[in-house]
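First the structure, then my questions, so here it is.
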Ligand SMILES: Nc1ncnc2c1ncn2[C@@H]1O[C@H](COP(=O)(O)OP(=O)(O)OP(=O)(O)O)[C@@H](O)[C@H]1O
Ligand SMILES: [Mg+2]
C-alpha cells in the first residue's frame, strides 16, 4: 500500500528522520527514490544527525558507499547513481555489506537491481516546489509497516 505525505519542507523532513531514528531495528533496508536534487541525501544527513552523528556527512556519489558506526549500529549509505553496470557492485564486495546486521539506506536502487536485498520501506521523493516535497512511502515488510506507522504518528494524522 502506498502512503503519500505532501507539503514536506526541510523542517518536516528532519522530523520524519528523527521519528525514524527512534526505536530503530539493527537490520533495515530502505530504498530512497526520486530525481536528482529531490532530497534523498538531505534525508540521510538528518537521519544520521538524529542518531547523534556530528561529523561531516559526504554524499557517496563517487565512493558508492559510506559506512557509519553510531552507538551499537552500523549504517551503510549507498548512492548507486554512477554505476554503469550493476555487476560493479560485486567488485566492491556488496554481499558483505548485506550479510551482516546494518541499516542500509540506498539512493538510486534502480541502478543496482538484482544485486540488492529486498527493501523494508521505499521512500520516493517528488519535487513539488523548490522547498517542498511529496514523500510516497511503500512498506514491503512488517518492519517497514511499523516504521511507517511510527512516522505517521510522529507527524500527527492531520498532516497526512
Ligand atoms: N523539503 C525539502 N526536502 C529535501 N530537500 C530540500 C527540501 N527543500 C529544499 N531542499 C534542498 O534540495 C536539495 C536536495 O539535494 P539532495 O542532495 O538531498 O538530493 P538527492 O535526492 O540526494 O540528489 P542526488 O540524486 O543527486 O543524490 C538540498 O539542497 C536541500 O537543501
Ligand atoms: Mg544524493
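Inside the range 98-116, can you point out the residues that are more than 16 Å from ligand 2 (Cβ to nearest atom) and within 20 Å of residue 33 (Cα to Cα)? Before the answer, list the steps.
Of all residues in the range 98-116, those more than 16 Å from ligand 2 (Cβ to nearest atom) come to 98-103, 113-116.
Across the range 98-116, the qualifying residues are 98, 102, 103, 113, 114, 115, 116.
Output the residue which, of all residues in the range 39-54 that are touching a strand residue (DSSP E or B) at 6+ places or on another chain (Cβ under 9 Å) and more than 12 Å from ligand 1 (Cβ to nearest atom), is farthest from residue 76 (Cα to Cα).
Result: 52.
Go through (1) at pLDDT 95 or above; (2) farther than 23 Å from residue 141 by Cα; (3) not in a strand (DSSP E or B) one by one and return the number of the condition residue 17 breaks.
Checking residue 17 against (1) at pLDDT 95 or above; (2) farther than 23 Å from residue 141 by Cα; (3) not in a strand (DSSP E or B), the one that fails is (2).
Applying the selection to the range 38-69, what residues are more than 8 Å from ligand 2 (Cβ to nearest atom), in a loop (DSSP other than H, G, I, E, B) and within 24 Å of residue 129 (Cα to Cα)?
Passing the criteria: 38, 39.
Criterion first (surrounded by fewer than 19 Cβ atoms within 10 Å (Cβ to Cβ), farther than 30 Å from residue 7 by Cα and under 15 Å from the mean Cα position of the chain (by Cα)) does residue 67 satisfy it? Before you say what the answer is, go through the steps one by one.
Values: surrounded by fewer than 19 Cβ atoms within 10 Å (Cβ to Cβ): yes; farther than 30 Å from residue 7 by Cα: yes; under 15 Å from the mean Cα position of the chain (by Cα): yes.
Against the criterion (surrounded by fewer than 19 Cβ atoms within 10 Å (Cβ to Cβ), farther than 30 Å from residue 7 by Cα and under 15 Å from the mean Cα position of the chain (by Cα)), residue 67 qualifies.
Here is a follow-up. It is to be established whether one or more residues within the range 50-62 are exposed (fewer than 13 other Cβ atoms within 10 Å of the Cβ) and either within 13 Å of the chain's Cα centre (by Cα) or closer than 22 Å to residue 142 by Cβ (or both). Full working, then the answer.
Taking the range 50-62 and keeping what is exposed (fewer than 13 other Cβ atoms within 10 Å of the Cβ), we get 52, 54-56, 62.
Still in the running and either within 13 Å of the chain's Cα centre (by Cα) or closer than 22 Å to residue 142 by Cβ (or both): none.
Within the range 50-62, none of the residues are exposed (fewer than 13 other Cβ atoms within 10 Å of the Cβ) and either within 13 Å of the chain's Cα centre (by Cα) or closer than 22 Å to residue 142 by Cβ (or both).
The values are calculated or read from the model by the stated rules, or taken from the named source; none is laboratory data. Keep in mind it's a predicted model, so treat the numbers as computed, not measured. Using ideal geometry, Cβ is built from the backbone for each residue, glycine included, and neighbour counts are taken over all protein chains shown.
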